[in-house]
Amino acid sequence: MGAYAEAYRRSLADPEGFWGEAAGLIDWTHDPSRTLDASSAPFYRWFPDGEMNTSANALDRHVESGAGDRLALIWDSAMVPAKRTYTFGELRDEVAGVAGALAALGVGKGDRVIVYMPMVPEALMAMLACARLGAVHSVVFGGFAAKELAARIEDAQPKVVVAASCGLEPGRVVAYQPMLEKALGMSAHRPAHTLMLQREGHPADLSLPGYVDWAEAVSSAAPAAPVPVASTDPLYILYTSGTTGKPKGVLRTAGGHAVALAWTMGAIYDIQAGDVFWAVSDVGWVVGHSYIVYAPLLIGATTVVYEGKPIGTPDAGVFWRVVEEYGVKAIFTAPTAFRAIKKVDPKAAELAKYDVSTLKTLFLAGERLDPETYRWASEMLGVPVVDHWWQTETGWPIAANPRGLEPMPTKPGSATVPVPGWDVRILDEYGEPVGAGREGEIVIGLPLPPGALHTLWGDDERFIASYLSRHEGFYHTGDSGHFDEDGYLFVMGRIDDVINVAGHRLSTGAIEAALATHPAVAECAVIGVPDPLKGQLPYGLVVLKAGVEQDEESLAAELIAAVRRDVGAVAAFRDVSVVPALPKTRSGKILRKTMRGIADGREEPVPATIEDPSVLDAIAPVLRHRAER
Ligand code: COA
Ligand code: AMP
């Protein structure tokens, strides 16, 4: 049996032995005497009596073992432009200072802190400072609108918000303070303070109530030591899109998270202490949490923090410039970034200008990797291109090519094989297993491995209803797919109303809620339609109230503005059609899947449950027209 097959077998047959051994990858202030407590299932508790601190594991222990002078963080902003580096010793000291400043504002174990910052080193410091105090961070992506920020503030009830004065997008400065003030105005909860990082040239107004200057507070704070927390204490909440407009607060606990992430760096990414790892994402997404911040630092690798885009900042050679400049060993990003590079530089002329010989692997995730992009990236780079599949909820890859454990041959279109720890099965809608080659719902047998979500913040019932109640004993991923005869997993797409726009996960429900605020709209539906660059784009169909007379162009402009106002620029909502009615089942459910299929250019069967087939006939040409564009 190969190393992968043996590890996979053992992880499922003897999860306690497997993860008990992996627990040795981190330092515990109190060693766990047990690996798994299933007595409170489905709220499984990994390393139940262990005590540790994630920030100490990411920073202090490397300093204490003599690696204090090794680079921990390289910041490269293509936007300012600017560069800065921190050794493990320097980053530990910075984080201890920020933790001290937060403690002085009253933040302690279990308190929530919203982090609303762009890709600057201080964002990582804020997260690690929370972990140092045993406080629970919740990072909010800068591309969301104030309403989304308000929803997160209300749900997490933070004691403090940590923010930066602005983010930098191509051609515009995104001022964070007005957005934050607007969100605070909408939220019933008001944090006591906002710790504000002033970015050069774009300061926030610190005279407003509650604001504290980052630089002043950190320089005057007493450095805070790491606070030991229970392995089962919460480390962070990360909100992600569900099928309704209300975001789900994925809650991750400390011990299992650190163990699992440390294990993945070797087993999947083949990255060791001292290697340079570059996850090109944003700290607002799970990829940023796991692979910009925690995983590389936990094992003593160097993380690259990049502020910029794959193209246009300044050109399509920026990835290769960063690889050469810092000796990057592996890149991790979303396929859309490579589609963007391919579009402007199809022959990879920029690549030829740089020495990228340190690059050993390209990892892609966040959305389906189309075979054409896979082939292009493989040919241009001449290194293995690894498609791997995971979710905010799982925190680390469910299926991958485990490069460190045993490199496997790749198959275009497949995320390769289930990673040890994940008991991946394919079921039909009645919960019966389906054989190789047949598509079905992808589910995962319980217990989920360490590092997966523990519950949804403050809402155990929604956790069970969303993920565990569809098929008894299994976690419902919301994705469909199949295994082939060789046990390779092919992930085909969501079976719910979650869409993926440029690797950003969005809820069609949230976009629909924004459209519904328009006074002319009686009813609406949003579906994801294919896009050659961003993978998917949202497409809105609206039915107008009787008697409304507004030209379609001005209506569309107002609807687009409403989505930008309520969901954010990141939704990239630009396409809406007015239709006479929406097709529904007899019980009133909008037939989104059928519409999605037609807009995807497929012949869709008319569902037996349809209320009025003539409605579908009436809008089919609109959807087909969309497919042809
Ligand atoms: N703060 C504020 N606004 C943001 C933002 C942020 N952090 N990130 C994106 N936006 C805005 C953009 O400015 C843009 O606004 P616009 O409509 O005014 O132009 C909008 O949200 C859409 O942004 P984006 O998805 O980045 O699209 P783009 O057209 O600017 O760039 C790509 C396209 C492919 C280059 C870009 O999506 C990309 O780099 N993707 C990489 C994938 C990635 O990081 N995925 C994360 C998960 S791994
Ligand atoms: P997020 O929670 O933002 O990471 O989004 C998770 C969703 O993105 C998954 O449920 C999938 O639908 C999709 N996804 C992520 N990675 C892949 C992949 N490698 N292949 C196909 N879909 C993916």
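The values are calculated or read from the model by the stated rules, or taken from the named source; none is laboratory data. Everything numeric here is computed off the predicted structure, so don't read it as measured data. Note that we place each Cβ from the backbone using ideal geometry, even for glycine, and neighbour counts take in every protein chain shown. Note: accessible area is taken over every heavy atom of the protein model, side chains too, but ligands, DNA and RNA are not part of it. Shrake-Rupley method; radii C 1.70, N 1.55, O 1.52, S 1.80 Å.
Things worth noting here:
- Measure of compaction for the chain (Cα Rg per 2.2 N^0.38 Å): 0.94
- Calculated FRET efficiency for the pair Ala192/Ser220, C-beta based, R₀ 22 Å, to 0.05: 0.75
- Computed from the C-beta positions of Lys182 and Thr85 and an R0 of 30 Å, the FRET efficiency is 0.25 to the nearest 0.05.
- Dipole magnitude (debye, nearest 20) for region 378-520, charges at Cβ of Lys, Arg, Asp, Glu: 380 debye
- Placing pseudo-labels 7 Å out from each Cα toward the beta carbon at Ser378 and Asp69 gives an inter-label distance of 4.3 nm.
- The residues neighbouring Gln157, those whose beta-carbon lies less than 14 Å from its own, together hold a net charge of 0 under the Lys/Arg +1, Asp/Glu -1 convention.
- With the simple model of a label 7 Å out from the Cα in the direction of the Cβ, Arg9 to Ser39 spans 3.3 nm.
- Computed over protein heavy atoms with a 1.4 Å probe, the carbon and sulfur contribution to the accessible area of region 498-628 reaches 53%.
- Residue-span extension gain [Gln157 to Glu461] - 0.36 nm each, minus C-alpha spacing: 107.5 nm
- Extended-chain gain in nm, criterion 0.36 nm per residue less alpha-carbon gap, Arg574 and Ser614: 11.6 nm
- Charge tally around Lys353: other residues with Cβ under 12 Å, Lys/Arg +1 each, Asp/Glu -1 each, net -4.
- FRET efficiency, 1/(1 + (r/R0)^6) with R0 45 Å, evaluated for Thr244 and Ser207 via beta carbons: 0.70
- All lysines inside 16 Å of Lys360 as judged from Cα atoms, apart from same-chain residues fewer than 8 positions distant: Lys329
- Under 17 Å from Lys584, Cα to Cα: lysines that are on another chain or at least 8 residues apart: Lys593
- Gained length - Ala557 relative to Ala349, 0.36 nm times residue gap less alpha-carbon distance: 71.0 nm
- Over the chain, DSSP H runs of length four or greater, each weighted -39,500 (n - 2.57), average out per residue to a 222 nm ellipticity of -8500 deg cm²/dmol.
- In this structure the chain gives 37 Å² per residue of accessible area when probed at 1.4 Å with all protein chains present.
- The chymotrypsin sites (Phe, Trp or Tyr not before Pro) of region 22-97 that meet both conditions, a loop assignment by DSSP and at most 16 other Cβ atoms within 10 Å of the site Cβ, are Phe43.
- Projected label points at Thr585 and Glu549, each 7 Å from Cα along the beta carbon direction, are separated by 4.0 nanometres.
- In region 86-227, the portion of solvent-accessible area held by carbon and sulfur atoms comes to 53 percent [1.4 Å probe, whole percent, DNA, RNA and ligands not counted].
- Here's the list of aspartates and glutamates a cross-link from Lys248 could span, going by alpha-carbon distance under 18 Å and ignoring same-chain residues fewer than 8 apart: Glu148, Glu154, Asp155, Glu393, Asp459, Asp460, Glu461, Asp479, Asp496, Asp497, Glu512, Asp566.
- DSSP bridge orientation in region 522-587 - percent antiparallel, rounded to nearest 5: 75 percent
- Residue-count net charge about Gly568 - beta-carbon cut-off 14 Å; Lys, Arg +1, Asp, Glu -1: +4
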